[in-house]
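The values are calculated or read from the model by the stated rules, or taken from the named source; none is laboratory data. This structure is a prediction, so every number in the text was calculated from the model and none was measured. Every residue, glycine among them, receives a Cβ derived from its backbone with ideal geometry; neighbour counts consider all protein chains shown. The area values use the complete protein model at the heavy-atom level, side chains included, leaving out ligands, DNA and RNA. Shrake-Rupley method; radii C 1.70, N 1.55, O 1.52, S 1.80 Å.
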Amino acid sequence: MALDIDFVRAQFPAFAEPSLQGQAFFENAGGSYTCVPVIARLERYYRQRKVQPYAPYETSRLAGAEMDEARARLAAMLGVATDELSFGPSTTQNTYVLAQAFRQWMEPGDAIIVTNQDHEANSGPWRRLADDGFDVREWKIDPESGLLDPADLENLLDDRVRLVCFPHCSNVVGAINPVVEITALAHAAGAFVCVDGVSYAPHGLPDVGGMGPDIYLFSAYKTYGPHQGIMVIRRELGNLLPNQAHYFNADTLYKRFTPAGPDHAQVAASAGVADYIDDLAAHHGLSGDAATRAGGVHDLMRTHETTLLQPLLDFLRDRNSVRLIGPAEAAGRAPTVAVALNRSAVDAAADLAGYGIMAGGGDFYAVRPLMAMGVPPARGVLRVSFVHYTSREEVDKLLNALDDIL
(Lines give C-alpha, C1' and ligand atoms only; values in the text may rest on other atoms or scores of the structure.)
Protein backbone atom coordinates (compact mmCIF):
# COMPACT_ATOMS: atom_id res chain seq x y z
CA MET A 1 0.00 0.00 0.00
CA ALA A 2 1.36 3.40 -0.99
CA LEU A 3 1.19 6.39 1.33
CA ASP A 4 -1.35 8.96 0.10
CA ILE A 5 0.99 11.92 0.06
CA ASP A 6 -1.75 14.39 -0.88
CA PHE A 7 -3.81 13.36 2.14
CA VAL A 8 -0.75 13.56 4.36
CA ARG A 9 0.25 17.05 3.26
CA ALA A 10 -3.30 18.29 3.74
CA GLN A 11 -2.86 17.52 7.47
CA PHE A 12 -0.03 20.08 7.80
CA PRO A 13 -0.95 23.78 7.57
CA ALA A 14 2.66 24.65 6.70
CA PHE A 15 2.14 23.38 3.16
CA ALA A 16 -0.68 25.89 2.61
CA GLU A 17 1.14 28.77 4.34
CA PRO A 18 1.84 31.57 1.81
CA SER A 19 5.14 32.54 3.43
CA LEU A 20 6.47 29.01 2.92
CA GLN A 21 5.48 28.58 -0.70
CA GLY A 22 8.39 27.67 -2.94
CA GLN A 23 10.41 26.39 0.04
CA ALA A 24 11.25 22.71 0.47
CA PHE A 25 11.82 21.75 4.11
CA PHE A 26 14.85 19.52 4.64
CA GLU A 27 15.71 20.25 8.28
CA ASN A 28 13.16 17.91 9.82
CA ALA A 29 15.79 16.32 12.07
CA GLY A 30 15.79 19.62 13.96
CA GLY A 31 12.00 19.63 14.36
CA SER A 32 9.05 18.70 12.18
CA TYR A 33 6.08 20.69 10.97
CA THR A 34 3.06 20.45 13.30
CA CYS A 35 -0.06 18.56 12.25
CA VAL A 36 -3.62 19.92 12.31
CA PRO A 37 -4.91 17.87 15.29
CA VAL A 38 -2.11 19.11 17.55
CA ILE A 39 -2.68 22.74 16.60
CA ALA A 40 -6.44 22.34 17.10
CA ARG A 41 -6.03 20.77 20.53
CA LEU A 42 -3.51 23.37 21.64
CA GLU A 43 -5.78 26.23 20.57
CA ARG A 44 -8.83 24.62 22.20
CA TYR A 45 -6.93 24.13 25.45
CA TYR A 46 -5.84 27.76 25.63
CA ARG A 47 -9.28 29.03 24.63
CA GLN A 48 -11.49 26.71 26.69
CA ARG A 49 -9.47 24.76 29.28
CA LYS A 50 -6.67 26.98 30.54
CA VAL A 51 -7.37 26.22 34.18
CA GLN A 52 -5.77 24.05 36.83
CA PRO A 53 -6.64 20.48 35.74
CA TYR A 54 -8.19 17.68 37.81
CA ALA A 55 -10.53 19.86 39.88
CA PRO A 56 -14.21 18.83 40.18
CA TYR A 57 -15.65 21.53 37.89
CA GLU A 58 -16.26 20.59 34.26
CA THR A 59 -13.66 22.74 32.53
CA SER A 60 -10.96 21.43 34.84
CA ARG A 61 -12.16 17.85 34.46
CA LEU A 62 -11.91 18.16 30.67
CA ALA A 63 -8.43 19.64 30.94
CA GLY A 64 -7.17 16.76 33.05
CA ALA A 65 -8.94 14.16 30.94
CA GLU A 66 -7.22 15.43 27.80
CA MET A 67 -3.81 15.19 29.47
CA ASP A 68 -4.60 11.64 30.55
CA GLU A 69 -5.80 10.84 27.04
CA ALA A 70 -2.46 11.87 25.56
CA ARG A 71 -0.52 9.60 27.88
CA ALA A 72 -2.87 6.64 27.49
CA ARG A 73 -3.14 6.71 23.70
CA LEU A 74 0.55 7.26 23.01
CA ALA A 75 1.52 4.54 25.48
CA ALA A 76 -0.84 2.12 23.75
CA MET A 77 0.68 2.94 20.37
CA LEU A 78 4.17 2.31 21.76
CA GLY A 79 3.08 -1.01 23.27
CA VAL A 80 3.66 -0.06 26.92
CA ALA A 81 1.49 0.50 29.99
CA THR A 82 -0.10 3.93 30.44
CA ASP A 83 1.82 4.73 33.62
CA GLU A 84 5.13 3.80 31.96
CA LEU A 85 4.95 6.92 29.75
CA SER A 86 5.60 10.41 31.05
CA PHE A 87 6.17 13.91 29.68
CA GLY A 88 8.92 16.39 30.44
CA PRO A 89 10.05 19.76 29.11
CA SER A 90 12.52 18.13 26.69
CA THR A 91 14.36 14.88 26.07
CA THR A 92 17.55 16.54 27.25
CA GLN A 93 15.91 17.37 30.58
CA ASN A 94 14.41 13.89 30.89
CA THR A 95 17.84 12.34 30.33
CA TYR A 96 19.42 14.61 32.91
CA VAL A 97 16.82 13.65 35.54
CA LEU A 98 17.34 9.96 34.81
CA ALA A 99 21.10 10.37 35.16
CA GLN A 100 20.61 11.87 38.63
CA ALA A 101 18.43 8.92 39.61
CA PHE A 102 21.10 6.44 38.48
CA ARG A 103 23.77 8.47 40.28
CA GLN A 104 21.87 8.00 43.55
CA TRP A 105 21.12 4.33 42.90
CA MET A 106 24.48 3.02 41.68
CA GLU A 107 27.33 1.99 43.96
CA PRO A 108 31.06 2.79 43.74
CA GLY A 109 32.70 0.75 41.01
CA ASP A 110 29.50 0.41 38.98
CA ALA A 111 29.74 1.12 35.27
CA ILE A 112 27.63 2.48 32.45
CA ILE A 113 28.25 2.25 28.72
CA VAL A 114 27.73 5.13 26.31
CA THR A 115 28.58 5.51 22.63
CA ASN A 116 30.35 8.17 20.61
CA GLN A 117 27.62 7.96 17.98
CA ASP A 118 25.19 9.99 20.07
CA HIS A 119 23.81 13.47 20.00
CA GLU A 120 25.37 15.04 23.10
CA ALA A 121 22.04 15.38 24.92
CA ASN A 122 21.81 11.62 25.35
CA SER A 123 25.48 11.09 26.07
CA GLY A 124 26.58 14.07 28.16
CA PRO A 125 24.45 13.54 31.30
CA TRP A 126 25.62 9.93 31.55
CA ARG A 127 29.27 10.81 30.90
CA ARG A 128 29.23 13.32 33.75
CA LEU A 129 28.64 10.47 36.17
CA ALA A 130 32.38 9.86 35.89
CA ASP A 131 32.78 12.96 38.09
CA ASP A 132 31.14 10.95 40.89
CA GLY A 133 33.57 8.06 40.51
CA PHE A 134 31.49 5.77 38.31
CA ASP A 135 33.12 3.86 35.46
CA VAL A 136 31.94 5.33 32.14
CA ARG A 137 32.87 3.08 29.22
CA GLU A 138 32.66 4.17 25.60
CA TRP A 139 31.34 1.91 22.85
CA LYS A 140 33.15 3.33 19.84
CA ILE A 141 31.95 3.64 16.26
CA ASP A 142 33.94 2.48 13.27
CA PRO A 143 35.77 5.63 12.11
CA GLU A 144 35.06 4.93 8.44
CA SER A 145 31.44 3.77 8.48
CA GLY A 146 30.24 5.46 11.67
CA LEU A 147 28.54 2.21 12.68
CA LEU A 148 28.39 0.46 16.04
CA ASP A 149 29.41 -3.21 16.16
CA PRO A 150 27.52 -5.28 18.78
CA ALA A 151 30.61 -7.48 19.12
CA ASP A 152 32.48 -4.48 20.53
CA LEU A 153 29.71 -4.01 23.09
CA GLU A 154 30.13 -7.59 24.29
CA ASN A 155 33.76 -6.81 25.10
CA LEU A 156 32.65 -3.94 27.36
CA LEU A 157 29.95 -5.81 29.26
CA ASP A 158 30.59 -7.41 32.63
CA ASP A 159 28.78 -7.79 35.95
CA ARG A 160 29.56 -4.18 36.97
CA VAL A 161 27.65 -2.59 34.08
CA ARG A 162 24.32 -1.22 35.24
CA LEU A 163 23.17 0.63 32.12
CA VAL A 164 23.83 0.65 28.36
CA CYS A 165 22.90 3.88 26.54
CA PHE A 166 22.78 4.15 22.75
CA PRO A 167 20.75 5.85 20.00
CA HIS A 168 18.12 4.10 17.92
CA CYS A 169 19.77 6.06 15.15
CA SER A 170 22.28 8.89 15.14
CA ASN A 171 21.34 12.38 14.02
CA VAL A 172 24.31 12.51 11.65
CA VAL A 173 25.17 8.86 10.88
CA GLY A 174 21.53 7.92 10.30
CA ALA A 175 22.11 4.16 10.62
CA ILE A 176 19.31 2.28 12.39
CA ASN A 177 20.84 0.34 15.24
CA PRO A 178 19.52 -3.17 16.06
CA VAL A 179 17.72 -2.32 19.29
CA VAL A 180 16.42 -5.83 19.93
CA GLU A 181 19.85 -7.44 19.53
CA ILE A 182 21.64 -4.83 21.63
CA THR A 183 18.99 -4.95 24.36
CA ALA A 184 19.25 -8.74 24.54
CA LEU A 185 23.04 -8.54 24.94
CA ALA A 186 22.76 -5.97 27.72
CA HIS A 187 19.99 -7.79 29.55
CA ALA A 188 21.94 -11.05 29.39
CA ALA A 189 24.77 -9.28 31.21
CA GLY A 190 22.37 -7.96 33.86
CA ALA A 191 22.33 -4.34 32.59
CA PHE A 192 19.40 -2.06 31.87
CA VAL A 193 19.05 -0.32 28.50
CA CYS A 194 18.34 3.32 27.61
CA VAL A 195 17.58 4.13 23.96
CA ASP A 196 17.60 7.65 22.53
CA GLY A 197 14.82 7.52 19.93
CA VAL A 198 14.77 11.22 19.05
CA SER A 199 16.12 10.68 15.54
CA TYR A 200 14.08 7.55 14.84
CA ALA A 201 10.56 8.19 16.17
CA PRO A 202 9.70 10.87 13.53
CA HIS A 203 9.85 8.09 10.94
CA GLY A 204 7.20 5.98 12.66
CA LEU A 205 6.50 5.26 16.32
CA PRO A 206 8.44 2.14 17.35
CA ASP A 207 7.10 -0.90 19.18
CA VAL A 208 8.95 -0.14 22.40
CA GLY A 209 7.20 -2.92 24.26
CA GLY A 210 8.23 -5.47 21.66
CA MET A 211 11.83 -4.24 21.34
CA GLY A 212 12.39 -4.51 25.08
CA PRO A 213 14.49 -1.52 26.22
CA ASP A 214 13.94 -0.31 29.76
CA ILE A 215 13.99 3.37 28.78
CA TYR A 216 13.01 4.92 25.44
CA LEU A 217 13.17 8.68 24.90
CA PHE A 218 11.97 10.91 22.06
CA SER A 219 10.68 14.40 21.38
CA ALA A 220 7.10 15.33 20.49
CA TYR A 221 8.19 18.41 18.54
CA LYS A 222 10.01 16.12 16.12
CA THR A 223 6.99 13.85 15.80
CA TYR A 224 4.57 16.55 14.55
CA GLY A 225 3.62 17.75 18.02
CA PRO A 226 4.38 20.38 20.68
CA HIS A 227 7.71 20.93 22.42
CA GLN A 228 7.66 18.10 24.94
CA GLY A 229 9.99 15.25 25.78
CA ILE A 230 8.30 11.84 25.91
CA MET A 231 9.84 9.15 28.08
CA VAL A 232 9.02 5.50 28.49
CA ILE A 233 10.48 3.87 31.59
CA ARG A 234 9.38 0.33 32.29
CA ARG A 235 7.83 -0.32 35.68
CA GLU A 236 10.52 -2.63 37.06
CA LEU A 237 13.25 -0.02 36.59
CA GLY A 238 11.05 2.98 37.38
CA ASN A 239 10.16 1.61 40.80
CA LEU A 240 13.76 0.60 41.48
CA LEU A 241 15.30 4.04 40.93
CA PRO A 242 15.02 6.78 43.58
CA ASN A 243 12.10 9.17 43.21
CA GLN A 244 13.11 12.50 41.60
CA ALA A 245 9.81 14.31 42.11
CA HIS A 246 7.90 15.66 45.12
CA TYR A 247 7.83 13.03 47.86
CA PHE A 248 4.05 12.72 47.65
CA ASN A 249 4.32 11.72 43.96
CA ALA A 250 6.68 8.83 44.68
CA ASP A 251 3.94 6.21 44.33
CA THR A 252 2.88 7.38 40.85
CA LEU A 253 5.25 5.99 38.22
CA TYR A 254 4.61 8.62 35.55
CA LYS A 255 5.34 11.41 38.05
CA ARG A 256 8.49 9.96 39.67
CA PHE A 257 10.89 11.44 37.11
CA THR A 258 9.22 14.79 36.52
CA PRO A 259 10.57 17.19 39.19
CA ALA A 260 8.60 20.17 37.87
CA GLY A 261 4.88 20.31 37.18
CA PRO A 262 3.74 19.35 33.66
CA ASP A 263 3.03 21.84 30.89
CA HIS A 264 -0.71 21.19 30.88
CA ALA A 265 -1.53 22.58 27.44
CA GLN A 266 1.35 20.92 25.62
CA VAL A 267 0.75 17.56 27.27
CA ALA A 268 -2.91 17.75 26.25
CA ALA A 269 -1.98 18.78 22.71
CA SER A 270 0.24 15.72 22.41
CA ALA A 271 -2.95 13.67 22.06
CA GLY A 272 -3.11 15.27 18.61
CA VAL A 273 -0.14 13.13 17.57
CA ALA A 274 -2.24 10.06 18.34
CA ASP A 275 -5.15 11.63 16.42
CA TYR A 276 -2.92 12.10 13.39
CA ILE A 277 -1.64 8.52 13.45
CA ASP A 278 -5.18 7.20 13.79
CA ASP A 279 -6.34 9.46 10.93
CA LEU A 280 -3.60 8.05 8.71
CA ALA A 281 -4.51 4.51 9.71
CA ALA A 282 -8.20 5.04 8.98
CA HIS A 283 -7.55 6.72 5.63
CA HIS A 284 -5.34 3.83 4.52
CA GLY A 285 -7.71 1.13 5.80
CA LEU A 286 -5.52 0.00 8.69
CA SER A 287 -7.34 -1.51 11.68
CA GLY A 288 -6.61 -3.41 14.88
CA ASP A 289 -5.57 -2.22 18.31
CA ALA A 290 -3.58 0.96 18.86
CA ALA A 291 -0.17 -0.70 18.56
CA THR A 292 -1.20 -2.51 15.37
CA ARG A 293 -2.51 0.68 13.78
CA ALA A 294 0.63 2.58 14.76
CA GLY A 295 2.77 -0.24 13.38
CA GLY A 296 0.94 -0.09 10.07
CA VAL A 297 1.44 3.66 9.86
CA HIS A 298 5.11 3.18 10.75
CA ASP A 299 5.51 0.83 7.79
CA LEU A 300 3.71 3.24 5.43
CA MET A 301 6.03 6.05 6.49
CA ARG A 302 9.19 3.98 6.19
CA THR A 303 8.27 2.62 2.76
CA HIS A 304 7.60 6.11 1.41
CA GLU A 305 10.77 7.50 2.95
CA THR A 306 13.09 4.77 1.72
CA THR A 307 11.73 5.09 -1.81
CA LEU A 308 12.57 8.79 -1.86
CA LEU A 309 15.85 8.36 0.02
CA GLN A 310 17.69 5.93 -2.26
CA PRO A 311 18.09 8.34 -5.22
CA LEU A 312 19.54 10.95 -2.86
CA LEU A 313 22.02 8.45 -1.41
CA ASP A 314 23.00 7.28 -4.91
CA PHE A 315 23.58 10.87 -5.99
CA LEU A 316 25.81 11.66 -3.00
CA ARG A 317 27.70 8.36 -3.05
CA ASP A 318 28.76 8.95 -6.65
CA ARG A 319 30.21 12.42 -6.07
CA ASN A 320 33.93 12.59 -5.38
CA SER A 321 33.65 16.04 -3.78
CA VAL A 322 31.64 14.88 -0.77
CA ARG A 323 31.81 12.17 1.87
CA LEU A 324 28.49 10.54 2.61
CA ILE A 325 28.23 9.81 6.33
CA GLY A 326 26.60 6.50 7.20
CA PRO A 327 25.06 3.73 5.09
CA ALA A 328 24.46 4.16 1.37
CA GLU A 329 21.42 1.87 1.39
CA ALA A 330 18.09 3.45 2.34
CA ALA A 331 16.69 0.34 4.02
CA GLY A 332 19.31 0.52 6.76
CA ARG A 333 19.00 4.14 7.74
CA ALA A 334 16.68 7.03 8.44
CA PRO A 335 16.36 9.87 5.90
CA THR A 336 18.72 12.05 7.92
CA VAL A 337 21.64 12.47 5.57
CA ALA A 338 24.89 14.22 6.46
CA VAL A 339 27.76 14.88 4.07
CA ALA A 340 31.23 16.20 4.79
CA LEU A 341 32.47 18.82 2.33
CA ASN A 342 35.81 20.47 1.68
CA ARG A 343 34.33 23.80 2.78
CA SER A 344 32.07 25.22 5.47
CA ALA A 345 28.81 23.28 5.78
CA VAL A 346 27.09 26.42 7.07
CA ASP A 347 28.01 28.19 3.83
CA ALA A 348 26.74 25.26 1.79
CA ALA A 349 23.39 25.39 3.61
CA ALA A 350 23.22 29.12 2.86
CA ASP A 351 23.79 28.33 -0.81
CA LEU A 352 20.91 25.84 -0.74
CA ALA A 353 18.65 28.48 0.79
CA GLY A 354 19.04 30.46 -2.42
CA TYR A 355 17.39 27.54 -4.23
CA GLY A 356 14.46 27.36 -1.83
CA ILE A 357 15.93 24.46 0.15
CA MET A 358 15.68 24.73 3.93
CA ALA A 359 18.57 22.68 5.31
CA GLY A 360 21.27 23.01 7.94
CA GLY A 361 25.03 22.97 8.34
CA GLY A 362 27.13 22.53 11.48
CA ASP A 363 27.94 19.91 14.09
CA PHE A 364 24.33 19.37 15.28
CA TYR A 365 25.55 18.57 18.81
CA ALA A 366 27.20 15.50 17.30
CA VAL A 367 30.76 16.63 17.94
CA ARG A 368 31.91 13.24 19.22
CA PRO A 369 30.89 11.17 16.17
CA LEU A 370 32.23 13.80 13.78
CA MET A 371 35.60 13.84 15.53
CA ALA A 372 35.68 10.04 15.60
CA MET A 373 35.14 9.98 11.83
CA GLY A 374 37.78 12.64 11.18
CA VAL A 375 35.35 15.42 10.27
CA PRO A 376 36.42 18.79 11.73
CA PRO A 377 33.47 19.97 13.85
CA ALA A 378 34.23 23.59 12.96
CA ARG A 379 33.63 22.76 9.31
CA GLY A 380 30.71 20.53 10.20
CA VAL A 381 28.47 18.61 7.86
CA LEU A 382 25.71 19.60 5.51
CA ARG A 383 22.58 17.80 6.71
CA VAL A 384 19.41 17.27 4.72
CA SER A 385 16.62 15.44 6.51
CA PHE A 386 13.05 14.63 5.63
CA VAL A 387 10.03 12.67 6.83
CA HIS A 388 7.01 11.02 5.29
CA TYR A 389 5.29 14.28 4.26
CA THR A 390 8.15 15.12 1.91
CA SER A 391 7.20 14.73 -1.75
CA ARG A 392 9.09 13.31 -4.70
CA GLU A 393 9.01 16.77 -6.30
CA GLU A 394 10.77 18.24 -3.28
CA VAL A 395 13.49 15.59 -3.43
CA ASP A 396 13.97 16.33 -7.14
CA LYS A 397 14.29 20.02 -6.30
CA LEU A 398 16.90 19.16 -3.67
CA LEU A 399 18.88 17.02 -6.12
CA ASN A 400 18.95 19.81 -8.69
CA ALA A 401 20.09 22.33 -6.08
CA LEU A 402 22.79 19.99 -4.76
CA ASP A 403 24.01 19.41 -8.32
CA ASP A 404 24.55 23.15 -8.67
CA ILE A 405 26.18 23.94 -5.33
CA LEU A 406 28.42 20.87 -5.20
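Do we have A378 as under 20 Å from F25 (Cα atoms) and either of a type outside the set (S, T, N, Q) or outside any helix (DSSP H, G or I) (or both) here? Here the answer is no, as A378 does not meet what is asked. Just one of the numbered conditions (1) open to solvent by 40 Å² or more (accessible area, probe 1.4 Å); (2) over 19 Å from V172 (Cα atoms) is not true of A294: (1).
Could you please tell me which pairs satisfy a Cβ distance under 8 Å, a separation of 6+ or placement on different chains, a first residue in segment 234-257 that is over 15 Å from V97 (Cα atoms) and touching a residue at least 12 places away in the same chain (Cβ under 8 Å), and a second residue that is among the charged types (D, E, K, R) and outside any loop (DSSP other than H, G, I, E, B)? What qualifies is R234/E84; R235/D83; R235/E84; T252/D83.
All of G354, G360 fail the test of being surrounded by fewer than 23 Cβ atoms within 10 Å (Cβ to Cβ) and within 21 Å of the chain's Cα centre (by Cα), apart from G360. Against the numbered list (1) more than 30 Å from P13 (Cα to Cα); (2) not in a loop (DSSP other than H, G, I, E, B), G261 comes up short only at (2). Evaluate the following for P327: is it within 22 Å of D142 (Cβ to Cβ) and modelled with pLDDT of 95 or more? Spelling it out, P327 is indeed within 22 Å of D142 (Cβ to Cβ) and modelled with pLDDT of 95 or more. Return yes or no: is D289 open to solvent by 60 Å² or more (accessible area, probe 1.4 Å) and more than 21 Å from R49 (Cβ to Cβ)? Considered against the rule, which asks whether it is open to solvent by 60 Å² or more (accessible area, probe 1.4 Å) and more than 21 Å from R49 (Cβ to Cβ), D289 comes out as yes. Considering segment 3-56, and only residues there that are among the charged types (D, E, K, R) and in a helix (DSSP H, G or I), the residue that is nearest to S385 (Cα to Cα) turns out to be R9. Only residues that are closer than 20 Å to L313 by Cα, open to solvent by less than 10 Å² (accessible area, probe 1.4 Å), of a type in the set (A, V, I, L, M) and not in a loop (DSSP other than H, G, I, E, B) were counted across segment 161-186, and they come to 1.
The residue of segment 222-252 that is modelled with the lowest pLDDT, among those that are part of a helix (DSSP H, G or I) and open to solvent by less than 60 Å² (accessible area, probe 1.4 Å), is N249. Filtered by the rule that a residue be surrounded by 24 or more Cβ atoms within 10 Å (Cβ to Cβ) and in a strand (DSSP E or B), segment 189-207 gives V193, C194, V195, D196.
Just one of R343, R302, R368 is part of a loop (DSSP other than H, G, I, E, B), of a type outside the set (G, A, S) and out of contact with any Phe, Trp or Tyr (no Cβ under 9 Å at 6 or more places or on another chain); which is it?
On the way: R302 fails: part of a loop (DSSP other than H, G, I, E, B); R368 fails: part of a loop (DSSP other than H, G, I, E, B).
Sole residue among the options that is part of a loop (DSSP other than H, G, I, E, B), of a type outside the set (G, A, S) and out of contact with any Phe, Trp or Tyr (no Cβ under 9 Å at 6 or more places or on another chain): R343.
The residue pairs whose first member lies in segment 57-82 and is at positive phi and assigned by the TED database to the domain that holds V232, whose second member is in a helix (DSSP H, G or I) and of a type outside the set (D, E), and whose beta carbons are closer than 7 Å, counting only pairs six or more residues apart or on different chains, are G79/V208; G79/G209; G79/G210; G79/A291.
For beta carbons closer than 8 Å, sequence separation of 6+ or different chains, a first residue in segment 41-55 that is free of Cβ contacts under 8 Å to residues at least 24 places away in the same chain and a second that is among the β-branched types (V, I, T) and assigned to a helix (DSSP H, G or I), the qualifying pairs are Q48/T59; V51/T59.
Let's see how each residue does on (1) polar (S, T, N, Q); (2) assigned to a strand (DSSP E or B); (3) out of contact with any Leu (no Cβ under 9 Å at 6 or more places or on another chain); (4) crowded, with 22+ Cβ neighbours inside 10 Å:
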| residue | (1), (2), (3), (4) |
| --- | --- |
| F257 | no, no, no, yes |
| V267 | no, no, yes, yes |
| V273 | no, no, no, yes |
| A282 | no, no, yes, no |
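Within segment 58-79, the presence of at least one residue that is at pLDDT 95 or above, touching a helix residue (DSSP H, G or I) at 6+ places or on another chain (Cβ under 8 Å), under 16 Å from G238 (Cβ atoms) and not small (G, A, S) is confirmed.
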